[in-house]
Every structure is written in structure tokens, then in C-alpha cells.
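The values are calculated or read from the model by the stated rules, or taken from the named source; none is laboratory data. Quantities reported herein were computed from a predicted structural model and do not represent experimental measurements. Backbone-built Cβ (ideal geometry, glycine too); neighbour counts: all protein chains shown. Heavy atoms of the whole protein, side chains included, go into the accessibility calculation; ligands, DNA and RNA do not. Shrake-Rupley method; radii C 1.70, N 1.55, O 1.52, S 1.80 Å.
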Amino acid sequence: MKVWVEVRDDVAVLQIDNPPVNGLSHATRNGLRAGLQHALDNPRVAAIVITGTGTVFSGGADIKEFNTPAALAEPNLLQVIDAVEGSYKPVIAAINGVCMGGGLELALACHYRVATPNASMALPEVKLGLIPGAGGTQRLPRAVGADKALRMIASGAPIGADDALKSGLVERVVPNTTFQGVLDFAHEVADAMPLPKLRNKAVQLPAGIDAASFFAGARVQVGREARGLTAPLKCVDAVEAAVLKPFDEGLAFERQTFVELVQSRESKALRHAFFAEREAGKIPDVPEGTPTRPINTAAIIGCGTMGSGIAMSFANAGIPVTVMEMSQAALDKGLATCRAHWESTARKGRMSMEEVERRMALLRPTLNIEDLKDADLVIEAVFEDLAVKQDLFRRLDRVMKPGAILATNTSTLDVDAIAAVTRRPQDVLGTHFFSPANVMRLLEVVRARRTGKDVLASVMKLARRLKKVAVVSGVCDGFIGNRMLEQYIRQSLFLVDEGASPQKIDAALAKFGMAMGPFAMYDMAGMDIGYAIRQRRYAEKPHITYSRIGDRVVELGRLGQKTGKGWYRYEPGSRTPIPDPEIDALIDSYRKEIGIRPRAISDEEIVQRCVFALVNEGARILDEGIAQRASDIDVVYLAGYGFPAATGGPMFYAQTVGFDKVIKTMERFAGNGHADPAFWNPAPRLRRAAVEGHW
Ligand code: NAD
């Protein structure tokens, strides 16, 4: 049963029951229509309530039906909505929790809405590159005014019950402990005549502004926040139609825009990313239901850049965390970093000072490894040095309780070699957080050769509590993300050798949609780590070519923002990169030294060389089984490296460009007298994809 129908006094209650989120599947839509008809036919019924089971009204479209004929089967949502709005008995939406997308559009078609205090309402379609397609863009502005509706629709962000009451989206907030509040409301409106319908209301604009100026301003603001995405601006068009056109014409405009967007590359990419994130949580040989170990307490060793961010992530999730350092001074500094971050959040009004103290109280500082022994999970975030980490793991092996999970935050070291020094390699794995660890959503979970399945499942589950998106990586130098990045970096430096300036390369990749260009990124991250890695590479892999131009910059003492100079220069206290003639001169002399006459390089070539370098290394990573699937690599790049959302990630992008075209372009680069022709040998997996048409 997808919709329960029960008559209480003279009120028919239609309760949507389609776990987990009461999605509006074909069976649910059928159930709603049948339930409504049943209520209309029953002479005892004076009013009709639509609600959901548990704490969900409806999460909207049923994603199990995406891209299946059932999604379009009649009755479609528009038909159900028409039937609800057209009912001659009053229909009340009792919003008992999550109410999103199609769920909110259904509620907007009801004559009245009440909500419980825990309700959360949103039209999140924009996040999938769409606009609401079942009247949401036309009815919401009539309920809450153009300004509020536009902010909700163009951001997709939810609002709570109080906000909904204040803005007129719901008529009343009712207790969630008993259903009596809803029934009382239904009795009050049972005889109302005529029934209020949002379609008959006019849209309110903010006082003192005409429609033309309001929407001109909205386009500027939404355009700025959209970062190159088109759907947010289409939301503005649709709300404008709600203001300027009669209801039915507005509805037709919304429909037409929706249908166009469903076909757009941008929406396909965003939907790919949405499903890729869900898919990333699945591990073929660790099925759902694999037993997990409880993680109620954690410990972090090392409270530097990463350790402090990781500690904050745990405290933010309400998990107590013991923090260990080498000295009292380092401990004080680490904890001060956490406090400063939370206090700054509080100053911006996003957290109370009591909350700051509550989170600080979850951090338990210590200098003694014995104090960690009862933690369910310990994460090591000390210096990147195998001997130091192995020494620590030997000590952890001695002190930690049996069954504790032992994790390393290493970015490059061999997790198997770390696990091997313990007597419990099945309890060891890598948790590779990204900086700043309390902000970045990505977590690479490194599965070592002997990591236990229950350990892996436990950490994947923990990641969700920490609000991270976890991707499983096998053991290799750099794991998925940084291993690919190395090839991107190599290309960016070759491009400088051949004639492009850092600012030209940055501008081309920013135009492509990267959160920032590579050279601005090197300056932000600090260039000493990359320098050290390259020195190691020259010794390990002498047959591979590297540009030395980055080393020359570092050897001038220019390490990036932290020294006020890197590829750019920075005014004191500023993070704005300013091109520096000293760098131009350095590049000039380096080109002369290696005998290259600079040439003009197009933006297209810059983007293709950097992005296809990622794609080819991604394909190698698939060949070696380091990543489970191509879409996991997309998740890594979207959530951890600022890759443009509208492309769906590097691997999906290669597919939309066409694998054949990617290979042909790579072959052209290899034949261009390039410094490292072998660089462009297509990985076997890429060649196979070109034959099969998918990864
Ligand atoms: P960091 O130098 O900022 O912090 C390391 C901290 O560990 C220092 O505070 C130090 O006092 C402490 N420490 C060292 N040895 C210790 C020991 N035996 N016992 C207790 N404390 C000890 O370094 P970081 O940037 O935070 O990096 C930590 C780890 O995270 C490294 O393995 C690094 O490769 C990895 N990592 C770094 C980044 C990044 O962007 N910085 C990103 C991902 C992973």
C-alpha cells in the first residue's frame, strides 16, 4: 500500500507510505488519486488531509523511477495536483517533516497547509540543473511573494516551519506529538467557501519596486552566485513569468523550460553527480548489511593543519574526540585553532557561544598515548614520514583496545606498510581528509590489502555522520585525487615552458569553471610539498620528464601566499594574486635555457591538456582497480578539487566530449614536439571506452 486512507470523524486522512522518503512513484500517485476520489465519494467526509508517514511528508519524485517509463505513467504529478486543487471539499496538506520538490508542489496545490515544528520545505530541483516542473515556480511566489520564492527556488535551500509560517507558506504550526491539531484545523475550514487556491492569488513584489527593476536586480545577483550554471537563471525567468503572465500561461512556460532543461548537458551532468555520490557508498564485496563496529568516541594524533580540522569534524558531529600532541605548546595551538574557527562562526551569527563551548568540551587534550586506549577509532595526522608513522602504529598496537579502528591520514605513504607493523592489519585503513578538513566534503577511504570488511563498512558509515562524501581508493602513491593531480600539474608547468603565462592558464581554467586556476591553487596550498614530491620523483622515476620551472620559483624562496610571493605576489593581508614581473623574467630566462621559443597557446589547448591529463590518469587508475568505478573519480574531483559541477566531473566530461575525440586530441598533443610524448599514450581503459561507448 502506498497511500493509507482512514476516515476520522468527518475528515479523510490520506497518508503517503512509500519508504524511505515517500517518493511520488506511480503507485503513490495512483493511491493519492484513488484516496481523493474515495473521500469525495464518501458523504460523511467534509475535509481531506494529505500527510506522510514518520517524519517525511514527501521527498518528491521517486528516484527509483528516474529514467523509467513509470516516471511518466498516468496519473502524472500534474494530474494529481489538478485533482487536488480542483477538489470541492477542502484539502489540507499536513506537512509532518521533509517536504521537497514534487512533495512541496503537491502541498502548494492543497487549499491549506499546516506544518509540524520539524518540517523542512524546499524546491531543490535547481541542484539537478532543473526548475520545479509541477507548478512550484508559479504557486510558491503566490504564497510567499516573488522575493522569498526566488531565493528558495534559485538556491534550492530548505526553510523551516517558523519561516514558512512567517512568510505565508503555511497557515499554522501544529504539534507533532498528536494529530489532533491537524484535525482541529480541518474542522475549522471544513465549511469554507469558496476554497482558497494559490492560482487565483496575485504575486507580491517587495514594496516600492517594479517588476522590471526587481528581476533585473535578481538576474545580476543570481547570475553572480550561479558560477556559470544556467538553471538558477531559468528559475528567475520562471518566477518572472509568475508575475507577468496569467497562471495557466505561467504554468505552460514552466513546463516548457523544465522539458528543455531535462535535455541540457548541465542537468545531465548534475544528475550524474547526484547518482555518482550515492553510488560511491556501494562496495561490491562489502554489501549493505555488513556488520559495523560502533564508533562513539574517537582520537586524533597530531593537531596541526589536518588534525585540528579533523577534530572539528568529529565535534561538529557530536562525537567526543581525544586529541594528542607532542608538546603542550602544540596542543594549545591546535585547540586554539578550533576555538578561533568556531568563535568566528559564532560572530557571524551561525552558532551560539554556548554551542562553541559545547563543541570545545568534546575535545579532550592529552600528551599521553595511554589516554587514547578506549577510543573506538584513532586517526593519525602527524608528519608525512613513514618511520614516524610506523613507530606510532607500533605504539597504538600496544595500547589500543581490541577492535579499535586504526586510521592514517597520510596523503602519499603506503598504507600496507603502515598496517604491516601492527599485529592487527585488518583494523588499519587510510582516511584521507582534504584541507580544510572541517570544510571539505571529500574523504578518500583507503582500503589496504588486509583491511577488514567490517572496518571499511564502519568508516563509510562514519563518513555520513561526519557529513562527508566518502570514496574508496586502493593503495597507491597519491590515491585517486592527488595521483591524478600530479599529471594536471605536470601539464600546467609544460604549458608555461611552451609559452603560456600562469595568469593565462589560470584564466582559461577558471573560465572552464574550475574553482580556481592551478597557479593560484599552488600559491594557496604552499609550494614546498609539491617541490619535495618532485625531488623524490626525479630520483625514483628519472625517465619521466618534468618541467623544472616550479622548482626555480621555490628556490627563490617564493612558497606561495604564506611567504607573500609565489607564482604571483600578494599585498600584506591579501589573498588576491597579482602578476609579478619577476616571475615573467624568470620564465623568460628558463625558456631560453631549455631552448624553447614561446608560442601562443589557445585557451582550448590549455583546458584540454590539463583536463585530458586528469582523464588519462583516471583511466589508468581504473585499469589498476584503484578506483571502483569512473563515477567515483568524478565524485573525488567535484567534492575535493573544485572541478566544475556543470561538467559532471572529468570522467563524465570525457564521455560527453566523446572518447574518440579525446584520444585524437591526445595523439595530436603527442605529435606536437611536446616535451613528453609518452605522456599522451592513451590508457587501455580509455581505448576500451572508445570502443564500448562508456567507461
Ligand atoms: P602539520 O605539520 O600541520 O601537523 C602535524 C602535527 O603532528 C604537528 O602539530 C606535530 O606537532 C604533530 N606530531 C608530529 N609527530 C607527532 C607524534 N609522534 N605524536 C603526536 N603528535 C605529533 O601537518 P599536516 O599538514 O596537518 O599533515 C598531517 C598529515 O596529514 C600528513 O600525513 C599529511 O601528509 C596529511 N595530509 C595533509 C594535507 C594538507 O593539505 N596539509 C592534506 C591531506 C593529508
Inset, instruction - Output the residue which, of all residues in the stretch 365-386 that are assigned to a helix (DSSP H, G or I) and more than 11 Å from the ligand (Cβ to nearest atom), is surrounded by the fewest Cβ atoms within 10 Å (Cβ to Cβ). - result: Glu370
Inset, instruction - For Ser589, state whether it is under 30 Å from Pro284 (Cα atoms) and of a type in the set (Ser, Thr, Tyr). - result: no
Legend entry - Lone qualifier among Ala27, Ala34 - being in contact (Cβ under 8 Å) with a residue 12 or more places away in the chain, surrounded by fewer than 18 Cβ atoms within 10 Å (Cβ to Cβ), among the aliphatic types (A, V, I, L, M) and out of contact with any helix residue (DSSP H, G or I) (no Cβ under 9 Å at 6 or more places or on another chain): Ala34
Legend entry - Hits in the stretch 442-456 (condition: within 14 Å of the ligand (Cβ to nearest atom) and either open to solvent by 50 Å² or more (accessible area, probe 1.4 Å) or of a type outside the set (A, V, I, L, M) (or both)): Glu444
Legend entry - Number of the exception - Gln15 against (1) part of a loop (DSSP other than H, G, I, E, B); (2) touching a Ser or Thr at 6+ places or on another chain (Cβ under 8 Å); (3) open to solvent by 10 Å² or more (accessible area, probe 1.4 Å): (1)
Legend entry - Breaking point among (1) at pLDDT 95 or above; (2) within 20 Å of Phe679 (Cβ to Cβ); (3) part of a loop (DSSP other than H, G, I, E, B), for Trp567: (2)
Legend entry - Residue satisfying condition, being in the same structural domain as Ala613 (by TED's automatic domain parsing) and either in contact (Cβ under 8 Å) with a residue 24 or more places away in the chain or not in a helix (DSSP H, G or I) (or both), within set Leu485, Leu392, Leu429: Leu485
Legend entry - In the stretch 206-225, the residues that are under 30 Å from Thr647 (Cβ atoms), open to solvent by less than 60 Å² (accessible area, probe 1.4 Å) and free of Cβ contacts under 8 Å to residues at least 40 places away in the same chain: Phe215, Ala216, Gly217, Gly223
Legend entry - Residue pairs meeting the criteria (Cβ under 9 Å; at least 6 apart or on separate chains; first touching a residue at least 40 places away in the same chain (Cβ under 8 Å), in the stretch 327-349; second among the aliphatic types (A, V, I, L, M)): Ser327/Leu367; His341/Met312
Legend entry - the stretch 612-639, residues that are open to solvent by 10 Å² or more (accessible area, probe 1.4 Å) and not aliphatic (A, V, I, L, M): Glu617, Arg620, Asp623, Glu624, Gly625, Gln628, Arg629, Ser631
Inset, instruction - Scan the stretch 532-559 and report the pairs whose first residue is over 25 Å from Asp385 (Cβ atoms) and small (Gly, Ala, Ser) and whose second residue is open to solvent by 50 Å² or more (accessible area, probe 1.4 Å) and not in a helix (DSSP H, G or I), with Cβ atoms within less than 9 Å and a gap of 6+ or a chain change. - result: Ser547/Ala675
Legend entry - Close pairs from the stretch 596-610: first over 15 Å from Pro502 (Cα atoms) and in the same structural domain as Arg548 (by TED's automatic domain parsing), partner open to solvent by 30 Å² or more (accessible area, probe 1.4 Å) and not in a helix (DSSP H, G or I), Cβ under 9 Å, at least 6 apart: Ile596/Ala675
Inset, instruction - Check off (1) modelled with pLDDT of 95 or more; (2) at positive phi; (3) out of contact with any Leu (no Cβ under 8 Å at 6 or more places or on another chain) for Gly648 and give me the number that stays unchecked. - result: (3)
Inset, instruction - Please work out if Asp427 is away from the ligand (no atom under 15 Å from the Cβ), buried (at least 16 other Cβ atoms within 10 Å of the Cβ) and modelled with pLDDT of 95 or more. - result: yes
Legend entry - Set Glu325, Glu354, Glu343: member being in contact with a Gly (Cβ under 8 Å, 6 or more places away or on another chain) and either assigned by TED's automatic domain parsing to the domain that holds Ala457 or more than 10 Å from the ligand (Cβ to nearest atom) (or both): Glu325
Legend entry - Checklist (1) under 16 Å from Ile295 (Cβ atoms); (2) within 12 Å of the ligand (Cβ to nearest atom); (3) open to solvent by 10 Å² or more (accessible area, probe 1.4 Å) applied to Leu413, failing item: (1)
Legend entry - Which numbered condition Met306 misses (of (1) within 15 Å of the ligand (Cβ to nearest atom); (2) more than 23 Å from Asp427 (Cα to Cα)): (2)
Inset, instruction - Among the residues of the stretch 393-406, write down those that are within 11 Å of the ligand (Cβ to nearest atom) and either within 18 Å of Pro294 (Cα to Cα) or open to solvent by 10 Å² or more (accessible area, probe 1.4 Å) (or both). - result: Arg395
Inset, instruction - Of all residues in the stretch 580-595, count the ones that are within 30 Å of Gly478 (Cα to Cα) and touching a residue at least 60 places away in the same chain (Cβ under 8 Å). - result: 5
Legend entry - Residue selected from the stretch 165-205 under the condition in contact with a His (Cβ under 7 Å, 6 or more places away or on another chain) and within 18 Å of Gln138 (Cα to Cα), by the criterion surrounded by the fewest Cβ atoms within 10 Å (Cβ to Cβ): Pro196
Legend entry - Exclusive hit being assigned by TED's automatic domain parsing to the domain that holds Leu638, open to solvent by 20 Å² or more (accessible area, probe 1.4 Å), within 16 Å of the ligand (Cβ to nearest atom) and of a type in the set (Gly, Ala, Ser), set Gly499, Gly557, Gly530: Gly530
Inset, instruction - Examine the stretch 543-551 for a residue that is hydrophobic (A, V, I, L, M, F, W, C), closer than 25 Å to Met651 by Cβ and more than 15 Å from the ligand (Cβ to nearest atom), and state whether such a residue exists. - result: yes
Inset, instruction - Spot the failing condition for Val286; the list is (1) at pLDDT below 95; (2) within 24 Å of the chain's Cα centre (by Cα), and only one is missed. - result: (1)
Legend entry - Filtered residues of the stretch 287-303 (kept if away from the ligand (no atom under 16 Å from the Cβ) and farther than 17 Å from Ile405 by Cα): Pro287, Glu288, Gly289
Legend entry - Residue satisfying condition, being crowded, with 22+ Cβ neighbours inside 10 Å and under 23 Å from Met324 (Cα atoms), within set Val472, Val459, Val439: Val459
Legend entry - Elements of type helices (runs of 4 or more DSSP H) in the stretch 631-695, at least 2 residues being closer than 30 Å to Ile594 by Cβ: 659-670
Legend entry - Residue that is nearest to the chain's Cα centre (by Cα) [pool: residues in the stretch 258-280 that are open to solvent by 30 Å² or more (accessible area, probe 1.4 Å) and over 18 Å from Met651 (Cα atoms)]: Val262
Legend entry - Residues satisfying the stated conditions in the stretch 37-65, i.e. among the aliphatic types (A, V, I, L, M), open to solvent by 10 Å² or more (accessible area, probe 1.4 Å) and more than 21 Å from Phe274 (Cβ to Cβ): Leu40, Ala46
